[in-house]
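Following: one structure in structure tokens, then a few remarks.
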Amino acid sequence: MKAELRISHLSLKALGDSLGVTPSMMSKILSRDTTSARVERAIADAIGKPLWEVFPDRYGKPEPMDEVA
């Protein structure tokens, strides 16, 4: 995931700073020692991937919605 942040020209520290989160807390969130929906969403948004793809253990892939005729 850190490589994906580098590709998007954003460091984990810069993302944490923008969210008011310490580097230690960012590391804990990435290693799944703690959780934060707000930070997880920001990480997913930063790398342009859905939450369920970045954090599959926390967010399940959404079910496709049936079209209503």
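None of the figures in this text is laboratory data; all of them are computed from the coordinates on show. Because the structure is predicted, anything quoted here is derived from the model rather than measured. Ideal geometry is used to build each Cβ from the backbone, glycine not excepted, and the neighbour counts take in all protein chains shown.
Could you work out how much longer the chain between Lys61 and Lys28 gets when fully extended? Use 0.36 nm per residue separation minus the Cα distance between them, nm to one decimal.
Residue separation times 0.36 nm, minus the Cα-Cα distance, leaves 9.6 nm.
Any chance you could run the full-extension gain for Ser11 through Ala37? It's 0.36 nm times the residue separation minus the Cα-Cα distance, nm to one decimal.
Separation in residues times 0.36 nm, less the Cα-Cα distance, equals 7.5 nm.
Tell me, how many Å apart are the Cα centres for segment 7-44 and for segment 52-67?
21
Give the residue list of GluC sites (Glu not before Pro) in segment 35-69 that are DSSP loop and have at most 12 other beta-carbon atoms within 10 angstrom.
Glu67
Under a cut-off of 14 Å between alpha-carbon atoms, report the aspartates and glutamates in cross-link reach of Lys61, not counting same-chain residues fewer than 8 places apart.
The reachable aspartates and glutamates, counting only those whose Cα sits under 14 Å from Lys61, are Glu53.
Using the per-residue mean of other Cβ atoms lying within 10 Å as a proxy for protection, in what order, highest first, do the peptides 41-48, 22-29 fall? Walk me through the numbers before you get to the answer.
Working: 41-48: 16.9, 22-29: 15.0.
Packing order, densest peptide first, comes out as 41-48, 22-29.
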